[in-house]
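Please treat every number below as a calculation from the coordinates, not as lab data. Being a predicted model, the structure only gives us computed values, none of them experimental. Quick reminder, even Gly has a Cβ in these numbers, built from the backbone with ideal geometry, and neighbours come from all protein chains shown.
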Amino acid sequence: MQATTDERGVAPGPGPATAGELLQLAQELLRRGEAYAMVTVVRAVAPSSAFAGAQALVRSDGSLHGWIGGGCAKQVVIQAALEAIGVGAPRLVRIGNESEVLATDVESHPMPCASNGTIELFIHPFPDAPLLQVLGSTPVAACARVFAQQLGLRVSSQTQGIHPQVALVATQGEGDEPALEAALAGTAQRVLMIASARKAQRLRETLRQRGVSEEAALEAPAGPDIGARTPAEIALAAVAGVVAWWRTAGRQAVPARPQATPAAAPGATTAVDPVCGMLVDPAHSQHSLEYEGVRWHFCCAGCQAAFAREPARYAASRASARHAA
């Protein structure tokens, strides 16, 4: 599976990507908040071109970068990676036709290729990171930015041109009203403010009198009560409140990024390999045969050879499958 070129210029170079190139791509996707999954081959049984330690990165649009073996298992790997991204949980995946008892935490798929090899993979998803807007130039605000970035959140202090999911107002008396107004007027579904409940209520009433609508739920004091006293401790509690909201209500409140199902290139019709059932892009298929006026496409030379030996059998089987569907 060769590395593909990203249309926005963030991809490994041509050919199998090195670990450094995949890491660079992962860091860029993390910076942009785009979800992805790292796929690592943990076991390979011949005949298979994969090897233990081979890696690839699957983006939320279904594109695969890197190398985890031949093309037969590509569709299975991409779909499993997209599902892992969707639920935000890692998984172990086995692709093979060996009859053996597997651990309950291993997800099993048949090997669609005629080579009949086996590969086992670990898929580690990195869901899209929320954008946290931190307003304020106080020591607490500075600490909060550091903590949030260490936890993998994207952080911005801007008030224009961004679309945060959650905002933290850490002004502490230095421009409270304009900062809170900017947070409430933005796209944040949750606004946390480092202030007492009484002070926050007074600010809320002042802004309401000025016609500022409150679309986001306001939480003040920000985060759980941990007996915080120092700026770092106060910031820690506030960021904990951000994480708590994101892990519970936040993911449901914010529309998820669309995740594309791998498909054929634009303008192409997706075909089904009549031997193994794998989806094939006719525009880029390297293996095809014509039988009784129909052009059949295959994922690999093995499936093409199997069809050539018994074309009537596979054509009839595929026709039955279409009728059943």
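Remarks
- Distance between the pseudo-spin-label points of Arg210 and Ala142 (7 Å out from Cα toward the beta carbon): 2.7 nm.
- Distance between the 7 Å Cα→Cβ label points at Arg295 and Glu310: 2.7 nm.
- Distance between the modelled labels on Glu28 and Ala244, one decimal in nanometres: 3.8 nm (7 Å Cα→Cβ projection).
- Gyration tensor verdict on the range 107-182 (Cα atoms; rounded if a/c is under 1.5, prolate if a/b is larger than b/c, oblate otherwise): prolate
- Convex hull per residue volume in Å³, alpha carbons only, for the range 131-253: 93 Å³
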